[in-house]
1. How much length is gained on full extension from Asp135 to Ser162, taking 0.36 nm per residue of separation minus their Cα-Cα distance?
2. In what sequence do Arg33, Arg44, Arg25 fall when counting other Cβ within 10 Å, fewest first?
3. Roughly what angle does helix 145-160 make with the longest principal axis of the chain, taking Cα atoms, 0 to 90 degrees, to the nearest 10?
4. What fraction of the DSSP beta bridges in the chain is antiparallel, stated in percent and rounded to the nearest 5?
5. Compute a Gaussian network model of the chain, connecting alpha carbons closer than 10 Å, and tell me which residue from Gly224, Gly215, Gly13 fluctuates the most.
6. Gap in Å between the Cα centre of region 20-50 and the Cα centre of region 126-176?
7. Percent relative contact order of region 45-163, based on C-alpha pairs within less than 8 angstrom and at least six residues apart?
8. Region 69-171: which trypsin sites (Lys or Arg not before Pro) are DSSP loop and have at most 11 other beta-carbon atoms within 10 angstrom?
Amino acid sequence: MGISTVVTSGKGGVGKSVFSVGLGRALAARGRRVLLIDGDAGLRSLDKMTGIEENLVFDIADVMHGRCAPIDAVYPCAMAEGLFLLPAPASVELSVTANMMKQLVPLLKKYYDHVILDSPAGLGTGFRASSSEADRAVVVCNPDPICVRGTGAVRNALEKMSVDEKWLVINRFQREFFETAAVYEDLDAVIDSTGIRLLGVIPEDFGLAGAFQNGKPAKANSFGMMAISRIAARLEGDMVPVSL
Ligand SMILES: Nc1ncnc2c1ncn2[C@@H]1O[C@H](COP(=O)(O)OP(=O)(O)O)[C@@H](O)[C@H]1O
Ligand SMILES: [Mg+2]
């Protein structure tokens, strides 16, 4: 039986989708079978980021409305053996509900070691659907006060939904930000303000972001992908130090 992880945030555009694909790739590189579920109905990202956009026929809404079997809407991603995607529908009208996910995710966990649910931003239907069957949550946050405040709101919402295992990932870390912006004294001040245990820190890395924007695998030895690989190891219980 696999484990389900929702990747979420309060504020949008913090790097949830980049992180979800990177994490999926890193776990697949560790020999796991990984299913990414794009929870962002209407906006979608993961079909483009995993390079399967052209081959798409069915999506999660087709599964939920009985137009196809789950396996018909699961696509292998060429960027990593063992990595698969269940895409989101193009229309927000076709979004899936928490009740639907409660049926689907336990079924999928029988076939994959990891089910990674890439949530839309905010605390609406898409967030609730993506989090409803999550065994744990990774909350992605950028080191800015608006994002940190949103992270607190997500932490509370996850608590209400009984997602007890919560981890923090700080994305787009730049040392210069702390030196010049003088908003937070250091990274510890950001982590403390969120009230969530730190899982890892991903640096600003245009190579990582650019590769996934083009549906290509980011270089395994890029700073961003190395940080995500360490996070994958930590999520699987390895004792890997957090390094910046
Ligand atoms: N570590 C990073 N370094 C540089 N750019 C990043 C990083 N993470 C994300 N980005 C960029 O930030 C933007 C938002 O990322 P995305 O994953 O789509 O966010 P979200 O899913 O939270 O809305 C994208 O342009 C992406 O390429
Ligand atoms: Mg996204």
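1. Details: separation 27, 0.36 × 27 = 9.72 nm, distance 0.93 nm.
Residue separation times 0.36 nm, minus the Cα-Cα distance, leaves 8.8 nm.
2. By the 10 Å Cβ count, ascending, the order reads Arg33, Arg44, Arg25.
3. 50 degrees
4. Details: 2 of 31 bridges.
Taking every DSSP beta bridge within the chain, about 5 percent pair in antiparallel fashion.
5. Of the options given, Gly13 has the highest mean-square fluctuation.
6. The distance from the Cα centre of region 126-176 to that of region 20-50 comes to 18 Å.
7. On the way: 117 pairs, mean separation 21.1, N = 119.
Result for region 45-163 is 18 percent.
8. Values: sites: Lys102, Lys109, Lys110, Arg128, Arg136, Arg149, Arg155, Lys160, Lys166; in loops: Lys109, Lys110.
Taking region 69-171 and a limit of 11 other Cβ atoms within 10 Å, the loop trypsin sites (Lys or Arg not before Pro) found are Lys110.
All of the numbers you see were taken from the coordinates with simple rules; none came from a lab. No experiment lies behind these values; they were computed from the predicted model shown. Virtual Cβ from ideal backbone geometry, glycine too; neighbours counted across all protein chains shown.
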